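A short write-up of the structure that comes next.
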Amino acid sequence: MTGTGARPSGAGAMPGRLESLLGALSGMLSERVQLLTLELQLAGRALGLIVLLVGAAAVAALTAWGALWLIVAAWVVEAGWSWAWAALLVAVLNVAMVAAALLKARALYRLLALPATLRHLTIPTTEEDVVLPAAGPSR
């Protein structure tokens, strides 16, 4: 005769173990979801502060940039150029720097699509898409 609280051994104990395992997995998942939620809230606050700080830094950088070009223009005027030619020189140099930056950004744009990852994870649909490894020396 078995006690009322004892579980029989063998196949009858399996549902209890499964229930215990599912409970543990549920608890682990719940803890991870809660951690993710808290970290996302913290990341959101940090992102807001980062945007604010980048905005303040941009204002300071633009002020310094303007002062730098004002100094260059004043130096060119001191060298005998008129203010109109000095302003034109500053404008041309700035447009050239903007064009160079945009060309570089355009060249980097294709990397945003993660091409190597897509090639690695995409299932080839035709025989032409299959890339075979290079044959090495046979031993």
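The values are calculated or read from the model by the stated rules, or taken from the named source; none is laboratory data. Keep in mind it's a predicted model, so treat the numbers as computed, not measured. All Cβ positions, glycine included, derive from the backbone under ideal geometry; neighbour counts span all protein chains shown. To get the accessible areas, we keep the full protein, side chains included, count just its heavy atoms, and leave off ligands, DNA and RNA. Shrake-Rupley method; radii C 1.70, N 1.55, O 1.52, S 1.80 Å.
Worth pointing out:
- Spin-label model distance (nm) - Trp75 vs Thr126, 7 Å beyond Cα toward Cβ: 5.8
- Atom-type composition of the exposed protein surface of segment 41-133 places 76 percent of the accessible area on carbon and sulfur (1.4 angstrom probe).
- Summarising the label geometry, the points placed 7 Å from Cα in the beta-carbon direction at Ala107 and Leu89 lie 2.8 nm from one another.
- Semi-axes of the equivalent ellipsoid for segment 34-124, Cα gyration tensor, largest first, Å: 43, 24, 6
- 3J(HN,Hα) along segment 63-79, derived from phi through the Karplus expression 6.51 cos²θ - 1.76 cosθ + 1.60 where θ = phi - 60°, amounts to 5, 5, 4, x, 5, 4, 6, 5, 5, 4, 4, 5, 5, 5, 5, 4, 6 Hz, with x in place of Gly and Pro.
- Stretchable slack from Ser30 to Trp65, in nm (0.36 nm times residue separation minus alpha-carbon distance): 7.5 nm
- At a probe radius of 1.4 angstrom, the accessible area of segment 24-64 per residue rounds to 85 square angstrom.
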